[in-house]
1. Say we look at region B:6-46 and pick out the residues that are facing chain A (nearest Cβ under 8 Å) and modelled with pLDDT under 65; which of these is farthest from A:VAL105 (Cα to Cα)?
2. Residues that are modelled with pLDDT of 90 or more and facing chain B (nearest Cβ under 8 Å): list the strands (runs of 3 or more DSSP E) wholly contained in region A:1-105 that include at least 1 such residues.
3. Got a sec? Which of A:ALA256, A:ALA283 is in contact with a strand residue (DSSP E or B) (Cβ under 9 Å, 6 or more places away or on another chain) and small (Gly, Ala, Ser)?
4. Mind checking whether some residue in region A:281-301 is among the polar types (S, T, N, Q), within 35 Å of the chain's Cα centre (by Cα) and crowded, with 16+ Cβ neighbours inside 10 Å?
5. Under the condition of being part of a strand (DSSP E or B) and among the β-branched types (Val, Ile, Thr), which residue from region A:207-258 is farthest from A:PHE305 (Cα to Cα)?
6. If I ask for residues that are touching a His at 6+ places or on another chain (Cβ under 8 Å), at the interface with another protein chain (Cβ under 9 Å from one of its Cβ atoms) and of a type outside the set (Val, Ile, Thr), which ones from region B:94-147 would you list?
7. Of all residues in region A:94-111, how many are of a type in the set (Asp, Glu) and either buried (at least 23 other Cβ atoms within 10 Å of the Cβ) or under 18 Å from B:GLU100 (Cα atoms) (or both)?
8. What single numbered condition from (1) touching a residue at least 40 places away in the same chain (Cβ under 8 Å); (2) within 14 Å of A:GLY32 (Cα to Cα); (3) within 14 Å of chain B (Cβ to nearest Cβ) fails to hold for A:THR166?
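The values are calculated or read from the model by the stated rules, or taken from the named source; none is laboratory data. What you are looking at is a predicted structure, and each value in this text was computed from that prediction instead of being measured. Ideal geometry is used to build each Cβ from the backbone, glycine not excepted, and the neighbour counts take in all protein chains shown.
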Amino acid sequence: MISTRELTKDFVVSRTETVHAVRGISLDVEPGELVAVLGPNGAGKTTTLRMLTTLIAPTSGTAKVAGYDVSTDPGQVRRQIGYVGQGNGAGHSQRVRDELYGQGVIYGLDSRSAKRRSEELLESLELGELARRKVSELSGGQRRRLDVAMGLVHAPGLLFLDEPSTGLDPQNRANLWDHILRMREQYSMTIVLTTHYLDEADSMAERVVVVDHGEVIADDTADALKAKLAGDQLLLTVAPGNLARAAELTEQLLGARDVVAQGDQISVRVANGPEALPELIGAAQRTGVPVAAAQVIRPTLDDVFLNLTGRSLREADANGKAAA
Amino acid sequence: MSTLTVPTVAVEITRSVKRNLFRDTSIVMRRELKPVLHDPFSLIFGMIQPLVFLALFGPLLAGSLGGTLDGGVWQWFVPAILVMTTLFGTSATGSNLLFEFQTGAHERMLVTPLSRSSLLIGRALKEMVPLFGQAVIVVAVMIPFGFDLHLGGAVVGLALLAVFGIGLGSFSYALAIAVRKQDWMFWVVQQTFLFPLMILSGMLLPLETGPEWMRVASKFNPLSYLVDAERTLFAGDVSSTTVLWGWIAGLVTVAAGLTVGIRTMLRSAD
């Protein structure tokens, strides 16, 4: 569905300053995949998406989207894809039904099909009662659903979503995702989205592409990334005076790393927490170290990011904003 | 829940109408017109604006220059009012685009298969639709006051205004795109250009009585040729060289406007 090779984008800010927003991204997306591009602000996620959707031209490298080259055949690419940008696609002074119908006509539907199609989408995205409203009168969540409806009017095989749920409250986010996933099933769509919500990438995407400083730094399922790049964290609380002995035992665990002993607690990272924990407790009992409490903390994608870059996604976000 | 299937839609799209500039332009224009039609109040206000100007400025003009103008003050002033309405309407049209830039609606349009030039032409033409309504109202109101209507010339005159308006609208869009990161700049630049162009075209007051430098400057103002051509056309003369110069000015404006506008638009997503 998508195939990019060494895609780059430079923005010339001034004569002396060029920003290398994307530095050689090679990415392949198969039909039917749901891929989340995750990274802090300024990582190059949106720039990459804008190149794939023909909004901006790559500085170098190639990208084929839905079978067509974005540089030489942007018109064909536009016909094949759906796009939901960061902003609101519907004009604020327009009425909901008009925009949806108009979008259908833009993509080449005749008047009757466009009408039928917009009614279907109004209904399935729960916008039916709002059809005659002006877009400016909608709430953020309603507007976002309309954006998604507009991206789906021509039943594209490939849908791009640029930070689809930014600014929505948790309930609206969950609701939007319900709709997106249902539509995906109905249309057997390929979906590529960008997000800086870790939990969103974690729970929704089947594949996570982590981007930082314009490069892909990891690309796998969320579970595999976590197992490979972060591992589970074990926390063991022992009775006072036993810390040094407990730390020794912990070091002997298979694949143990980042052992930290502090106060009466020991923290360690292992590949498989649920298996390692009973082993550790057993060893403690055998050597007479009283264990007061124990727990396994499963990693988040933030731990993955931290492991990859040495900084957490939130810090990187704050820095990205300060720099922007 | 409705039952949606991919194949039907895909089939509908493949057997759909051929894309062309005319269809794209009309889609964009109709989209732009919809909010206007849904809001008749703004439409009515827009329609009577030229009448207000005519009622307040016309008598002053008649009082000070009444005897010196060819064919009377209304014959001289009514075509100028229509040019002025075009000038104000189309040069301000970029501000709509500016707003859609900020909301994301323009970006959405850029990802659709619509041609880039249709996005400019359709929006500029939208400004011309109320203008045609205004022209009819102005003329209808002024006929009892002695305005002499020559239908053929008037129709050609409006066509010429439409051509000029597309050009100016495109410039306005180019401006909106250029200043999109400091949007207040739009009105500063627009006004800075608008008033000198307007005054140096002899639209409101004849330049014949002005100083030499103003008359020379007006020769470099495409709007002067347009105003002269409109006055000639509304007097019923469609074949004079003044009209020809008006068309040249209009066509040069539209060619330059579209070139600049499309170029700016292609770079607008950066």
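1. B:VAL6
2. Working: elements: A:2-12, A:18-29, A:34-38, A:60-65, A:81-84.
The qualifying strands (runs of 3 or more DSSP E) are A:81-84.
3. Numbers: A:ALA283 fails: in contact with a strand residue (DSSP E or B) (Cβ under 9 Å, 6 or more places away or on another chain).
Testing whether each residue is in contact with a strand residue (DSSP E or B) (Cβ under 9 Å, 6 or more places away or on another chain) and small (Gly, Ala, Ser) leaves just A:ALA256.
4. Yes: region A:281-301 contains one or more residues that are among the polar types (S, T, N, Q), within 35 Å of the chain's Cα centre (by Cα) and crowded, with 16+ Cβ neighbours inside 10 Å.
5. A:VAL238
6. If the condition is that a residue be touching a His at 6+ places or on another chain (Cβ under 8 Å), at the interface with another protein chain (Cβ under 9 Å from one of its Cβ atoms) and of a type outside the set (Val, Ile, Thr), then B:PHE99, B:GLU100, B:ALA105 are the ones that fit.
7. Going residue by residue through region A:94-111, those that are of a type in the set (Asp, Glu) are A:98-99, A:110.
This time we only want the ones that are either buried (at least 23 other Cβ atoms within 10 Å of the Cβ) or under 18 Å from B:GLU100 (Cα atoms) (or both), so: A:98-99.
Within region A:94-111, residues that are of a type in the set (Asp, Glu) and either buried (at least 23 other Cβ atoms within 10 Å of the Cβ) or under 18 Å from B:GLU100 (Cα atoms) (or both) number 2.
8. (2)
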